[in-house]
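Notes follow once the structure below has been shown.
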Amino acid sequence: MKFKDKKVLIRVDFNVPLDENFQVTDDTRIRGALPSIKRLLERGSAVIIMSHLGRPMKKLKEDGSIDKERFTLAHVVPRLSQLLGQPVQFAKDTVGPDAQAKVQALKPGEVLLLENTRFEPGEKTGDKELAQKMANLADVYVNDAFGTAHRAHASTATIASFFPKDKKTFGLLMEKEIANANKLLNHPERPVTAIVGGAKVSDKMLLLDKLIDLADNIIIGGGMAYTFIRANGGHTGNSLVEEERLALAIELQEKAHQKGVNIYLPIDSIIADEFKEDAHSLVAQSDDIPDGWMGLDIGPEAATQFSEVIKNSKTILWNGPMGVFEMPAFAGGTHSIAKAVAEATQNGAYSLIGGGDSVAAINQLGLADQVSYVSTGGGAMLKFLEGSPLPGIQAIEEG
Ligand code: AMP
């Protein structure tokens, strides 16, 4: 693909957290897109960047207008410029007169960031007219926004249909995410262990179903474990249980049994009498939790058992924390699992951390560089692993 002297429009994910003074508090996503941006600059492109930031349409001002002061991508310019080591121009609109004029004047080696794509009402509906206007800005389209690849938005999917196959491509981050997901899905080295946690079974149903076809061991922790434990006849007190998923929990376990897949549930739990950091807490068997108490973390016996399984694995997927890890009193189980994943990786296993909160946990512990790959796209990675088609990927792959 030719990039020299071309205007290249790259869709990235700069949806970064900001503090009350609109300073970027975590620049991981900006850093994630740097390799692609730098490569385009090295190849002599004029680089036009677009992204969304937050949910401006959901958080309108009292008079019903967009809160541009809060959601403008101008907040990202100083950090981006600092990380790139060169000035970054900013357009006050996404496809309007300012964007058009600045794109026209943009020279090879220069960088222009467009205003928040979600200021445009057609962005989230995947509007063709908007996508056409975006496409008109550039010769080549690059999609490096893995985090939004599961959305069929104008800037992530529709736009690609306006570029022929030899004028659109994935960015380096997107390529890396896809390659890592495929490494897990296609002929992984065995034994394969999937660790699934987080709050709800309902969010991870499709993933669990897919994992039964893929994994040798499935470790289930976090809030979702209690739906399984209750389904198996355990007493779970006030733990998080989805009554309407009890039958599904039985079904999944039966399917796993038929396929010879081992399912591990936490034998014991750290239980608390309130959903609070300073609640009273005790260790209890997970199937014998008194009324008024709830399981907020896996217990020490479960952590030891899970860690053993993890350390004996050759391929590991981790999605979701083992407990309410945001509260230090209930973060121990998640931390033990993170350490076991890091240790297994050191001993030659391939490990993919694919999900928002397990990513936060691995970062919290400073272990991100001791696992094989940390995905930047929670929801998108989940969908990819479930086997659902991602519009952002399809749009590039289809002609
Ligand atoms: P998810 O986004 O589905 O991965 O869920 C992550 C959330 O699950 C985190 O905010 C955790 O605090 C929460 N969580 C983990 N374990 C439990 C538990 N035992 N009870 C309630 N919430 C939990």
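Given axes a ≥ b ≥ c from the Cα gyration tensor, I'd like to know whether the chain is rounded (a/c under 1.5), prolate (a/b larger than b/c) or oblate. List each step's numbers first, then the result.
Values: a/c = 2.20, a/b = 1.86, b/c = 1.18.
Prolate, because a/c is 1.5 or more and a/b exceeds b/c.
Of all DSSP beta bridges in region 6-126, what percent run antiparallel (nearest 5)?
10 percent
Can you give the percent of C-alpha pairs in region 32-122 whose distance is more than 15 Å?
60 percent
Not counting the cut sites, what is the longest span of the chain without trypsin sites (Lys or Arg not before Pro) that DSSP labels loop and that have at most 10 other Cβ atoms within 10 Å?
Here the longest run is 59-399.
Lysines within cross-link reach of LYS38: Cα-Cα under 22 Å, excluding same-chain residues under 8 positions apart?
Filter leaves LYS2, LYS4, LYS6, LYS7, LYS102, LYS107, LYS167, LYS168, LYS176.
Tell me, in nm to one decimal, what length is gained between ALA247 and ASP369 on full extension, where the rule is 0.36 nm per residue of separation less the Cα-Cα distance?
Contour length minus the Cα-Cα distance gives 40.0 nm.
Express in nm, to one decimal, how much length is gained between LYS259 and GLN132 on full extension, taking 0.36 nm for each residue of separation and deducting their alpha carbon distance.
Length gained, LYS259 through GLN132: 40.9 nm.
Which percentage, to the nearest 5, of the DSSP beta bridges contained in the chain is antiparallel?
20 percent
Pop a pseudo-label 7 angstrom from the Cα along the beta-carbon direction at both ALA101 and ARG39 and give the gap in nm to one decimal.
3.5 nm
At ASN232 and ASP139, where each label point lies 7 Å from the Cα along Cα→Cβ, what is the point-to-point distance in nanometres?
Output for this residue pair reads 6.1 nm.
List the pair-distance distribution P(r) of region 309-368, using every Cα-Cα distance, as the percent of pairs falling in each 5 Å bin from 0 up to the bin containing the longest distance, rounded to whole percents.
With a bin width of 5 Å, the distribution comes to 4, 22, 32, 25, 13, 4, 0.
So how strong a dipole does the chain carry about its Cα centre when Lys and Arg Cβ are +1 and Asp and Glu Cβ are -1, to the nearest 20 debye?
So the dipole magnitude of the chain works out to roughly 2080 debye.
If each DSSP helix of 4+ residues adds -39,500 (n - 2.57) and the sum is divided by the residues in the chain, what number results at 222 nm, nearest 500 deg cm²/dmol? It would help to have the intermediate numbers written out before the result.
Working: 14 runs with 144 residues, N = 399.
Value at 222 nm, helices only, nearest 500: -10500 deg cm²/dmol.
Which residues among region 169-192 fall inside the zone where the amide N is under 17 Å from a point 7 Å beyond the Cα of GLU398, along Cα→Cβ?
Only 169-170 pass the distance filter.
Can you list, largest first and rounded to whole Å, the semi-axes you get for region 216-275 by taking the square root of 5 times each eigenvalue of its Cα gyration tensor?
So the equivalent ellipsoid measures 22, 13, 8 Å along its semi-axes.
Working out 0.36 nm times the residue gap between MET57 and GLU386, then minus their Cα-Cα distance, what length gain in nm do you get to one decimal?
115.5 nm
Where a Cα-Cα gap under 18 Å defines reach, which lysines qualify for LYS200, not counting those fewer than 8 residues away within the same chain?
Straight-distance partners of LYS200: LYS210, LYS383.
Only the coordinates and a few stated rules stand behind these numbers; no lab work does. The structure displayed is predicted, hence computed values, not measured ones. Quick reminder, even Gly has a Cβ in these numbers, built from the backbone with ideal geometry, and neighbours come from all protein chains shown.
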